[in-house]
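Enquirer: The structure under discussion is supplied below as structure tokens; questions concerning it will follow.
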Amino acid sequence: MELIRGAEQMHAAALQARSQGRRIGFVPTMGALHEGHLSLIRIARAQCNWVAVSIFVNPLQFGPNEDLARYPRTFERDCRLLEAEGVQVLFAPTVEEMYPAASKTIVEVQELSQRLCGASRPGHFRGVTTVVAKLFNIVRPEVAVFGQKDAAQVAVIRRMVGDLNFDVQIAVGPIVRDRDGLAMSSRNRYLDAAERKAASVLYRALLRAQQMADRGERSAAVLVEAARSVVAEEPSARLDYIEAVNPETLEPVHDVTGGTLLAIAAYFGATRLIDNVLLFAGNSRAGAG
Ligand code: AMP
């Protein structure tokens, strides 16, 4: 595996791979890799014969009072995991490389960027779309793989790719969970034992709504309320939002019909976690892509 720090070098390596007829798959990450990330790399590997992974803790997507400074960084371990997955290139630029002092451009998907996490994390999705647009231009992937774990991020990126005519196919991998259902996340490292135990309530809440949808409940308000009442059983959980929305527009829905995104965010201590499930009236699939 080649480690590349510079955007120009990354671009050159990708162009060379393309000229040799390679199909480029790309998985952007912020590092502190876990099985969720590795599952996306395997999806890229199955569709492409040249896989690039980026590790970049993107300051633009963190709010002023968020965890940028203490975000987990496990670079040596990440490199070993990526080697073992047979990744061709790790692109790990510095902040100065990605955002030179002279840079003035941001990419923002309007409206969608204000919904779900965008409402509680102002500027977050603008930071995501700006960095992902830059990474797409640097890596020029044919396929880029994202996790359903960040369902709103998927919607925002798909909209950006459509609106700006990016020549890339977006693939989405299902949510990888721990044994008790907690969605894997780099931020799970922040949790102490009691918080870690409490955090499993998120998935239980989503499952309750899923079971009710399976049995035919179509009212979004009823399903949201059922999930909310499960979260309320865990006094240490502080709910940020729980919403039933259209997975493409992220607009709230009244009735669950053909695939409604039920998304949740909550704090356990100082740690904010997110999760979601796709609901189908009469049938639902946990974290399906
Ligand atoms: P991050 O490093 O947290 O920015 O995540 C990088 C990519 O991995 C994003 O596309 C996430 O949606 C995805 N991802 C994170 N956690 C999981 C998970 N538990 N299952 C599947 N994909 C995930």
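The values are calculated or read from the model by the stated rules, or taken from the named source; none is laboratory data. None of the values given here were measured: they were computed from a predicted structure. We place every Cβ from the backbone using ideal geometry, glycine too, and count neighbours over all the protein chains shown. To get the accessible areas, we keep the full protein, side chains included, count just its heavy atoms, and leave off ligands, DNA and RNA. Shrake-Rupley method; radii C 1.70, N 1.55, O 1.52, S 1.80 Å.
Enquirer: When you go through (1) closer than 19 Å to residue 245 by Cβ; (2) more than 15 Å from the ligand (Cβ to nearest atom); (3) not in a helix (DSSP H, G or I) one by one for residue 165, which number turns out not to apply?
Expert: (1)
Enquirer: For the range 168-213, name all the residues that are in contact (Cβ under 8 Å) with a residue 24 or more places away in the chain, within 14 Å of the ligand (Cβ to nearest atom) and not hydrophobic (A, V, I, L, M, F, W, C).
Expert: Residues satisfying the conditions are 173, 174, 177, 181, 185, 186, 187, 188, 189, 190, 203.
Enquirer: Further question: Of the numbered conditions (1) within 25 Å of residue 268 (Cα to Cα); (2) out of contact with any strand residue (DSSP E or B) (no Cβ under 6 Å at 6 or more places or on another chain); (3) open to solvent by less than 10 Å² (accessible area, probe 1.4 Å); (4) in the same structural domain as residue 65 (by TED's automatic domain parsing), residue 153 fails exactly one; give the number of that condition.
Expert: (3)
Enquirer: Can you tell me how many residues in the range 191-211 are more than 15 Å from residue 234 (Cα to Cα), in a loop (DSSP other than H, G, I, E, B) and not aliphatic (A, V, I, L, M)?
Expert: Matching residues across the range 191-211 total 1.
Enquirer: May I pose another question? Working only within the range 92-147, note down all residues that are small (Gly, Ala, Ser) and in contact with an Asp or Glu (Cβ under 7 Å, 6 or more places away or on another chain). Spell out the reasoning first.
Expert: Step one: of the range 92-147, the residues small (Gly, Ala, Ser) are 92, 101-103, 113, 118-120, 123, 127, 133, 144, 147.
Of everything in the range 92-147, just one residue is small (Gly, Ala, Ser) and in contact with an Asp or Glu (Cβ under 7 Å, 6 or more places away or on another chain), namely 120.
Enquirer: Quick one: which residue in 90, 33, 40 is open to solvent by 10 Å² or more (accessible area, probe 1.4 Å) and within 14 Å of the ligand (Cβ to nearest atom)? Let's see the steps before the verdict.
Expert: Details: 90 fails: open to solvent by 10 Å² or more (accessible area, probe 1.4 Å); 33 fails: open to solvent by 10 Å² or more (accessible area, probe 1.4 Å).
Every option except 40 fails the conditions.
Enquirer: Now, a different point. Check off (1) more than 16 Å from the ligand (Cβ to nearest atom); (2) among the hydroxyl-bearing types (Ser, Thr, Tyr); (3) in contact (Cβ under 8 Å) with a residue 40 or more places away in the chain for residue 105 and give me the number that stays unchecked.
Expert: It is condition (3) that residue 105 fails.
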